[in-house]
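The values are calculated or read from the model by the stated rules, or taken from the named source; none is laboratory data. Keep in mind it's a predicted model, so treat the numbers as computed, not measured. Every residue, glycine as well, gets a Cβ built from its backbone with ideal geometry; the counts of neighbours run over all protein chains shown. All accessible areas refer to the heavy atoms of the entire protein, side chains included, with ligands and DNA or RNA removed. Shrake-Rupley method; radii C 1.70, N 1.55, O 1.52, S 1.80 Å.
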Amino acid sequence: MSLRVDVSPDSGSVRQSTERLRILSVLNDLHLKYHSLRDGRVADYIPQLAKVSPDLFGICIVTVDGHVFEVGDYDYLFTIQSISKPFVYGLALEDHGRDYVRTRVGVEPTGDAFNSIIKLDERSKRPHNPLVNAGAIAMTSIIKGTDPTDKLNRILDLFQRYTGHGIFADMSVFMSERTTGHRNRAIAHLMLNFGMIDGNVDEALDLYFQQCSLMVSCRDLAVMGATLANRGVNPLTGEQAITSEYARDILSVMFTCGLYDYAGEWAYRIGLPAKSGVGGGMLAVVPGRFGIGVFSPPLDERGNSVRAIKVCEEITEAFGAHIFDVAFAFGAIAPHPVKSPPPARSALLSETRNGHAASPQPESRPPA
């Protein structure tokens, strides 16, 4: 098992270094606790995904001040799958603006599975939200570009800003999805029939299958989450991946719709904006503090990583990260998060739940 933290000897006080080592200790304990868990099954409806080992398991936290904590198979590459959806939604917002995008997709949870066909609102001429397959295909179909290659390159550039490095698609997974994705083709043609999408359906589907086939690691997911937590600024590169306004929109739909028919239970128990993927990845965000990436291929009956759900729940408890715990940590009146500097507070909040010890106190950052 690999264990790593990128804390240099001069990166802070002795107290901060000790607290950072405690964070790594928490991740190590979680990895040891759940590595032997055998619940769930690896996705097999996409043939290439069925070949992945169920024993792979990685956890990573990246804070908004740029510290990285990793354990297990944190650098193993796997396909991003549905975790790509909120980020491509953000690109559509940047391409067209919020008002137009709202005419093409809603923001309402469906309570149904990610690949549901029935939740197409014929009255409004739009899918319910951008994180179900129907809404994601609709968003991919409106990405700007001169041709399919240009559109794909724009998506690759998008994920390079979020991860801090070049990214590529696994062509074997792409072809596997393209060959067997009959349900997504049915969804796309239903939307074409209802006037929810226009243009070349096959081109839109190919682009959608390619974005789902992008290769990422557990660490990449945590950096992407930390970028959203940091108002759209990648904490490792300093690059603005998306404006803070649209980062908020992405986090909002992730919180209400990111876990599909498990979204309510997730919000109640874990309370974080998050997105899962059938490749075994899970990305969660603690706004203003850190991003979480977990990779473990065995899935529950809803298509969410079994180990990832348990890890995120325990991280929430250990660091007081539930969104309403964080809200209660502020006073009655807090400064506007964009117009005024945020209050000085820890990336891994000092006030925790259930008697857990305090967490680090890095310097506050100016607004992005």
For this session: For the stretch 185-200, state whether one or more residues are closer than 14 Å to PHE87 by Cβ, open to solvent by 10 Å² or more (accessible area, probe 1.4 Å) and without any contact (Cβ under 8 Å) to a residue 40 or more places away in the chain.
Result: no
For this session: Could you please let me know if THR316 is assigned to a helix (DSSP H, G or I) and open to solvent by 10 Å² or more (accessible area, probe 1.4 Å)?
Result: no
Exercise. Which members of the stretch 37-59 meet the condition of being touching a Leu at 6+ places or on another chain (Cβ under 8 Å) and at pLDDT 95 or above?
Worked result: GLY40, ARG41, VAL42, ILE59
For this session: Starting from the stretch 269-296, keep only residues that are without any contact (Cβ under 8 Å) to a residue 40 or more places away in the chain and in the same structural domain as CYS312 (by TED's automatic domain parsing), then list their pairs with residues that are open to solvent by 10 Å² or more (accessible area, probe 1.4 Å) and not in a strand (DSSP E or B) whose Cβ atoms are within a distance under 8 Å, requiring at least 6 positions of separation or different chains.
Result: ALA274/PHE255
Exercise. Quick one: which of LEU49, LEU24 is of a type outside the set (Lys, Arg), more than 19 Å from VAL306 (Cβ to Cβ) and open to solvent by less than 30 Å² (accessible area, probe 1.4 Å)?
Worked result: LEU24
For this session: Read through the list (1) in a helix (DSSP H, G or I); (2) surrounded by fewer than 19 Cβ atoms within 10 Å (Cβ to Cβ); (3) out of contact with any Leu (no Cβ under 7 Å at 6 or more places or on another chain); (4) of a type outside the set (A, V, I, L, M, F, W, C), then give the number of the only condition that HIS165 fails.
Result: (1)
For this session: Sort out which residues of the stretch 271-329 are hydroxyl-bearing (Ser, Thr, Tyr) and touching a Pro at 6+ places or on another chain (Cβ under 9 Å), and write them in order of number.
Result: SER296, SER305
For this session: Please tell me if ASP39 is closer than 30 Å to ASN230 by Cβ and open to solvent by 40 Å² or more (accessible area, probe 1.4 Å).
Result: no
Exercise. Would the stretch 146-162 turn up any residue that is open to solvent by less than 50 Å² (accessible area, probe 1.4 Å), closer than 23 Å to ASN304 by Cα, under 24 Å from the mean Cα position of the chain (by Cα) and touching a residue at least 24 places away in the same chain (Cβ under 8 Å)?
Worked result: yes
For this session: From the list THR79, THR63, pick out the single residue that is closer than 22 Å to ALA241 by Cβ, open to solvent by less than 60 Å² (accessible area, probe 1.4 Å) and in contact with a Ser or Thr (Cβ under 7 Å, 6 or more places away or on another chain).
Result: THR79
